[in-house]
Amino acid sequence: MVLYIWLGKQIEQGVEPSAKGSADYMIILGAKVKAGGVPSLSLKSRLEVAVPYLTKYPHVKVIVSGGQGPDEDQTEASVMQEYLEQNGIEATRIIVEDKSTSTYENLVFSKKLLPKDTKKITIVSNDFHLKRAKYLAETLDFEVDVVAAETPKSVEAKLRLRERAALLKTYIVGY
């Protein structure tokens with residue numbers, strides 16, 4: 001029980017530090033895409049917070065990061081790219097990483113697309129996911145701030161429980 005509570009507190013700490021436009025690159029972490037290229041609720045909430053941020057900070061370039069799962073008919077990155085472009089983000093600001101299948105791969109593969117000297121990045125994900133994403137990014141020598149998307153209430157309990165297990169695994173295994 002103590003471990004469960006501690007992991008919950010760790011997850012809550014993930015939403016800080018909040019991004020304020022100081023990083024030149026943002027990475028939006030992928031999430032499930034439904035049939036027909038429809039973003040899941042989690043992915044949609046990530047995109048909905050990314051658009052106003054990118055609009056407010058036009059110097060920021062964005063990596064949309066996510067491959068294609070066996071039950072997805074499009075890559076997560078292509079769905080994100082289309083959403084951003086439809087919502088006014090110029091295609092020249094969007095970098096596509098469409099091979100990753102995990103949070104760790106999102107970050108590793110995205111790092112290869114960044115200029116070599118890039119240290120500071122902004123990560124966009126759901127609030128429950130940011131602690132682990134930041135931890136993994138820091139193991140790759142990134143300095144991280146975040147834009148937190150709310151977790152949809154309909155899936156919050158399930159995702160927070162699953163994230164506790166994933167965070168514990170990350171702390172033990174390292175990725």
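The values are calculated or read from the model by the stated rules, or taken from the named source; none is laboratory data. Keep in mind that what you see is a predicted model, and the values were worked out from it rather than measured. Note: ideal-geometry Cβ built from the backbone for every residue, glycine included; neighbour counts use all protein chains shown. Areas reflect the complete protein model, heavy atoms only, side chains present, ligands, DNA and RNA absent. Shrake-Rupley method; radii C 1.70, N 1.55, O 1.52, S 1.80 Å.
Data overview
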| read-out | value |
| --- | --- |
| Some residue of the stretch 77-88 being on the phi > 0 side of the Ramachandran plot and modelled with pLDDT of 95 or more | yes |
| Complete set of residues in the stretch 69-85 that are closer than 19 Å to V51 by Cα, surrounded by fewer than 17 Cβ atoms within 10 Å (Cβ to Cβ) and without any contact (Cβ under 8 Å) to a residue 40 or more places away in the chain | E85 |
| Candidates V147, V155, V173, filtered to the one that is open to solvent by 30 Å² or more (accessible area, probe 1.4 Å) and in contact (Cβ under 8 Å) with a residue 40 or more places away in the chain | V155 |
| Selection from the stretch 39-68 of residues that are open to solvent by less than 20 Å² (accessible area, probe 1.4 Å) and outside any helix (DSSP H, G or I) | S40, V60, V62, I63, V64, S65, G66, G67 |
| Residue list for the stretch 107-126, restricted to those being open to solvent by 10 Å² or more (accessible area, probe 1.4 Å) and in contact (Cβ under 8 Å) with a residue 40 or more places away in the chain | F109, L113, L114, T118, K120 |
| Residue tally, condition in a helix (DSSP H, G or I) and at pLDDT 85 or above, over the stretch 121-161 | 13 |
| Number of positions in the stretch 86-97 that are within 15 Å of the chain's Cα centre (by Cα) and crowded, with 19+ Cβ neighbours inside 10 Å | 2 |
| Filtered residues of the stretch 6-20 (kept if in contact (Cβ under 8 Å) with a residue 60 or more places away in the chain, within 12 Å of F128 (Cα to Cα) and loosely packed, with under 12 Cβ neighbours inside 10 Å) | Q13 |
| Which numbered condition V33 fails, given (1) under 15 Å from the mean Cα position of the chain (by Cα); (2) of a type in the set (V, I, T); (3) closer than 16 Å to L113 by Cα | (3) |
